[in-house]
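The values are calculated or read from the model by the stated rules, or taken from the named source; none is laboratory data. Computed from a prediction, not measured in an experiment: that's the story for all the values here. Neighbour counts are summed over all protein chains in view; Cβ atoms, including those assigned to glycine, are modelled from backbone coordinates with ideal geometry.
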Ligand code: G4P
């Protein structure tokens with residue numbers, strides 16, 4: 001039973017730079033799975049471009065996105081779990097965390113724009129975690145770029161080898177369809193926003209005159225030339241190279257027209273990895289193990305200010321999760337039982353009795369979970385790979401109502417447990433420093449502190465450039481650094497000291513003065529040096 005359940009699960013995320021077509025593609029995949037029946041059902045999940053500082057809008061979106069955070073559906077006897085990732089860059093950290101809970105990703109690229117800023121950052125995270133990637137080049141109905149130049153750009157900018165599995169015939173107004181190089185089938189394009197199936201013609205040998213009949217001699221000749229180049233230039237497709245995150249298969253299509261999506265989905269279920277093993281601080285946990293384990297990668301607060309309860313999203317990593325059974329919360333060292341665990345099937349939430357590795361369950365939380373908490377059947381370990389990254393903007397939290405100091409303190413701690421922002425405490429003067437990736441999060445924080453905790457605050461800009469976690473083998477130097485930089489040191493939620501550098505110059509001086517101190521832009525430096533390197537590059541971009 002367990003083996004079968006494992007083999008048929010595919011848990012993945014769809015990532016893209018905003019506007020490339022992530023929401024549209026998600027929706028089409030759900031339509032294929034019969035999980036939704038109308039277009040537009042997922043659309044509202046998105047934080048729109050206009051919402052830059054409209055927090056009412058954010059609240060509305062937040063409510064909707066609880067339901068679509070995880071979208072599970074059945075397709076051809078596969079159980080597919082799509083984990084939603086916010087496209088807006090201000091919520092990038094949420095996306096990075098969600099990527100810790102997937103086994104693979106589909107990356108959507110706009111064929112007009114090619115690789116964009118968020119594409120690079122997201123791919124850096126995928127590379128750092130060796131997540132297998134399939135690329136979908138979208139909007140072929142638009143006058144986009146030459147497919148070869150797009151592939152070149154993907155390879156050089158994203159640092160991954162590519163191999164096209166479908167190939168476009170024309171583009172924009174001259175777009176005629178795609179040839180499936182894997183299955184040797186021709187799929188002709190006709191713009192349609194509602195149809196699911198396309199006319200697919202088997203053409204095993206491209207030399208066949210049948211090809212000319214369907215797409216005309218000029219296009220047929222061009223396709224023959226281009227496929228010859230593909231065969232000559234790109235390494236043959238090898239599933240292991242994809243699983244090892246060395247090579248990304250590429251598909252071309254138009255999500256809005258439902259074109260090329262079925263090829264993508266059919267190949268995806270066939271080649272994408274089933275639930276993968278995960279590292280802990282003690283050992284590697286295999287999904288096939290008998291005992292349950294899982295970790296929390298996302299926490300969602302209740303929208304109703306009268307109810308402080310939250311939903312914690314737990315990725316099942318091994319064994320079988322069962323309702324009403326006691327599980328061990330390894331940080332609190334406490335047994336906890338869940339009476340109403342939920343699963344997420346497309347837009348519906350329902351109580352479940354059990355769940356398998358790869359599944360994401362919603363656990364009702366009255367405040368005992370923090371992001372990255374681990375649940376087991378008694379073993380004392382924590383899952384690794386959920387680092388915190390240095391925030392990009394820092395503000396000092398100022399209490400505006402002395403009678404509400406307790407509420408403010410509680411509120412900001414809980415929001416930081418949820419991962420809305422990072423909280424650093426500077427002992428001198430008891431200063432609370434809030435760090436985020438984007439301005440919009442400050443709006444969310446202010447709004448939620450007031451509405452959920454009745455606490456009024458100001459968030460004053462601070463002259464801080466980056467937060468560096470640090471380590472040293474030289475304890476004398478470490479202590480000296482702590483004392484000398486006293487005013488620039490604060491403590492994160494795990495009470496680890498961080499160096500809050502005012503600018504790259506102050507960081508450079510610190511590095512020169514203390515050569516035996518190692519600085520890290522993520523909180524998980526001890527476990528994965530490659531990750532640190534990759535994230536440092538990420539931070540520098
Ligand atoms: P995102 O989640 O990655 O941000 O992108 P989303 O799916 O919302 O798509 C962004 C815009 O691109 C949308 O247009 C969408 O309709 C359009 N789009 C998606 N796929 C295709 C495609 O294959 N071809 C073309 N031509 N357009 C595509 P919008 O005007 O921003 O929104 P809407 O008014 O259409 O909803």
I need the helices (runs of 4 or more DSSP H) fully contained in segment 188-276, keeping only those with at least 3 residues that are under 30 Å from residue 103 (Cβ atoms) and at pLDDT 90 or above. 239-243, 261-271
Between a residue in segment 8-37 that is over 17 Å from residue 358 (Cβ atoms) and free of Cβ contacts under 8 Å to residues at least 12 places away in the same chain and any residue that is more than 13 Å from the ligand (Cβ to nearest atom) and part of a helix (DSSP H, G or I), which pairs come within a Cβ distance under 9 Å, given they are 6 or more apart or on different chains? 37/31
Assigned by TED's automatic domain parsing to the domain that holds residue 503, touching a residue at least 40 places away in the same chain (Cβ under 8 Å) and more than 22 Å from residue 496 (Cα to Cα): does that describe residue 404? yes
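Which of the helices (runs of 4 or more DSSP H) contained wholly in segment 4-119 include at least 3 residues that are more than 10 Å from the ligand (Cβ to nearest atom), at negative phi and modelled with pLDDT under 85? Steps first, answer last, please.
Values: elements: 22-32, 55-68, 92-98.
Qualifying helices (runs of 4 or more DSSP H): 55-68, 92-98.
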Output yes when any residue across segment 246-254 is farther than 30 Å from residue 189 by Cα, surrounded by fewer than 18 Cβ atoms within 10 Å (Cβ to Cβ) and away from the ligand (no atom under 16 Å from the Cβ), and no when none is. yes
In segment 313-363, what count of residues is obtained for those that are more than 21 Å from residue 278 (Cβ to Cβ), outside any loop (DSSP other than H, G, I, E, B) and either modelled with pLDDT of 90 or more or touching a helix residue (DSSP H, G or I) at 6+ places or on another chain (Cβ under 9 Å) (or both)? 6
